[in-house]
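Only one structure is covered here, and it is reproduced in the block below.
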Number of protein chains: 2
Amino acid sequence: MLPFSERLAQAVRTKGNPVVVGLDPRADSLPPGFIDGNGPAEIARGFSRFCREVLDVVGSLVPAVKPQAAFFEQCGPAGMAALQEVIDDAASRNLIVILDGKRNDIGSTAAAYADAYLGRRPASVWGCDGLTVNPYLGDDSLEPFVEAASARGAGIFVLVKTSNPGSGRFQDLVADGRPLYQHVAEMVESLAQRTAGGSGYGAVGAVVGATYPRELAQLRRTMPHAWLLLPGYGAQGATAADCAQALDDAGLGALVNSSRAILYAYRQGDYRERFGAARWQQATEAATRQMIAELRAARGESS
Amino acid sequence: MLPFSERLAQAVRTKGNPVVVGLDPRADSLPPGFIDGNGPAEIARGFSRFCREVLDVVGSLVPAVKPQAAFFEQCGPAGMAALQEVIDDAASRNLIVILDGKRNDIGSTAAAYADAYLGRRPASVWGCDGLTVNPYLGDDSLEPFVEAASARGAGIFVLVKTSNPGSGRFQDLVADGRPLYQHVAEMVESLAQRTAGGSGYGAVGAVVGATYPRELAQLRRTMPHAWLLLPGYGAQGATAADCAQALDDAGLGALVNSSRAILYAYRQGDYRERFGAARWQQATEAATRQMIAELRAARGESS
């Protein structure tokens, strides 16, 4: 199997855009008819069906999807079975699947997470191409992930600067003349460089909130070998221009995530008027195409 | 339901010790006969049965257990079903169940994790009394956990200073004259104080590696209202004296975890000679009793 960075580059080139659709199923936001019952098993079944219908819409448009583990975990073991179905379905469509689990631990426990999630089935039991990972435990906690990712054509995205309002509480603390997120970014860059392939990018990337465009610009320079995964577009307020600055001249090196603004477009503004719940799929498709167009326009490309 | 801190205090008083048994099922360490097959479903079944047989041994001796999510996740959806069985079994024995998941995310996603795990069933779908949480994302990411914990008689343990050799890479960086872990500890203390009950401890605790006894002493002073969860005893090299310093005069305020040294005692040194795999339960019981006795001795109590 090709290295993760090369597969990602190929997927972005094939689809002609760097959009990641975040699969965040929320019981109170789904269109009517998906959930028949209040139990976790009924909700999990609805989540699985909804996400797979979203894949019917976006699967041919975007290179990657990012299931959010928390919402599936919220349905207990039945939710985890639903997560597996969604991952399998996305992988069967040749989408890059990045699980947003923000996992990490120490030593052999970190190795267990890496083994669990990284690599297409049957290399791993869950079969993900990528996983988000938390750096607080230190560099030794990341090594098992780097090892598994390299061996299985998978990748990780390390939290560097997150998109939430309170991310600065610890991430912006200044040590040795630079913020903590900059220290983490330096470690990510060294791991990305170590694993870099022909595209110039490595198996270790970074999560950087597009809601902090100035920090993003600086972090792009610090991590030239790292794929950046950018949350914050759309619902959280980041613009296409904020995100486009992270892409290289070939349109590679960054992925731009949108979750709610795509999944639940049918509930929002203009799309609600035009489509409503009955035609939620068309709202989702229109929102995806609009995001792709906005990113192209921000890079001065014609859509 | 009583607040978490009070239930924990009651459990420690009842059992007369602060020992937490870490439930870390590893396929290559289990006694023979638990796993019949190589598939994740067979391994998961073995994990569930082994952990429940461990509970038969330690359930009457210790106040709490800490299942490690990673090892169950390593068996895919079947592993998550096994995790649920183990949590339910431990809860039915009136053990305090702390899931070691090191979860966190932002905003409504953090809220989903909190809702998923915190509180006995049916308040939450997984039914845990406590959950380990990673602080990197900032103080706002912790709020949903504090809220759910307070509402449901549950608690969280925030990673402050972890037990691994590389924990210093980021946690020891000095900002504003003190290390990052100290900044995190100050936040934990303020949340612990805000939620403190009659025992003087709150619903927000901290994970502090007993492998760093000097830092532990300092952190105990910084967080007088926080229950400390101490990994590192036994297999990782921390001593009973290292841990005992974190307990208050009543023997409360800290939990001491041991995983491998208890679960797999039958493979180790003296216990291997005396019991071996055929009598692994007796090895596990002897190792648990020895740990309890060592902690009592370190506090100058007679065992």
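Remarks
- With 18 Å as the limit, the listed pairs A:Lys15/A:Lys161; A:Lys66/B:Lys102; B:Lys66/B:Lys102 have A:Lys15/A:Lys161; A:Lys66/B:Lys102 beyond it between alpha carbons.
- Placing a label point 7 Å from Cα along the Cα-to-Cβ direction at B:Ala123 gives distances to the equivalent points in the other copies of 4.3 nm, listed shortest first.
- Taking max minus min of the alpha-carbon positions on each principal axis, chain A gives extents of 54, 44, 39 Å, largest first.
- For A:Asp242, the shell of other residues with beta-carbons less than 14 Å away shows a net charge of +2, using +1 for Lys and Arg and -1 for Asp and Glu.
- Of the residues B:Ala185, B:Ala44, B:Ala235, the one that moves most in a GNM of chain B with alpha-carbon contacts below 10 Å is B:Ala235.
- Considering only alpha-carbon pairs that sit under 8 angstrom and 6 or more positions apart, the relative contact order computed for chain B is 17 percent.
- Basic side chains Lys and Arg get +1 at the Cβ, acidic Asp and Glu get -1 at the Cβ, and with that the dipole of region A:31-110 about its Cα centre reaches some 180 debye.
- Helix-only mean residue ellipticity at 222 nm for the protein assembly as shown, each DSSP H run of n ≥ 4 adding -39500 (n - 2.57), per residue, nearest 500: -14000 deg cm²/dmol
- Kirkwood hydrodynamic radius of region B:142-276, Cα pairs, Å: 15.7
- Antiparallel beta bridges, as assigned by DSSP with both residues in region B:166-283, represent about 25 percent of the total such bridges.
- Each residue of region A:77-89 was assigned a 3J(HN,Hα) from its phi angle through the Karplus expression (A = 6.51, B = -1.76, C = 1.60, θ = phi - 60°), giving x, 5, x, 5, 5, 5, 4, 4, 4, 5, 4, 4, 5 Hz with x at Gly and Pro.
- Chain lengthening between A:Arg121 and A:Ser108 when straightened (0.36 nm per residue, less Cα-Cα): 2.6 nm
- A Gaussian network model of chain A, with springs between Cα atoms under 10 Å, assigns the largest mean-square fluctuation among A:Thr222, A:Thr284, A:Thr211 to A:Thr222.
- Using a 7 Å Cα-to-Cβ projection, A:Asp176 label spacings across copies, nm, ascending: 2.1
- Dipole check for the protein assembly as shown: with +1 at the C-beta of Lys and Arg, -1 at the C-beta of Asp and Glu, and the Cα centre as origin, the magnitude is about 240 Debye.
- Summarising the amide proton neighbourhood of A:Leu229: residues at separation of 5 or more, or on other chains, whose placed amide H is nearer than 5 Å comprise A:Ala206, A:Val207, A:Val208, A:Leu255.
- Test item: B:173-181 mean partner chain Cβ contacts at 10 Å: 4
- Label distances, nm, B:Ala298 versus same residue in remaining copies, Cβ-directed 7 Å point: 5.2
Read-outs throughout are calculated quantities, based only on the coordinates presented, and are distinct from any laboratory measurement. Small disclaimer: the values here were computed from a predicted structure and weren't measured. So basically every Cβ, Gly included, is an ideal-geometry build from the backbone, and we count neighbours across all protein chains shown.
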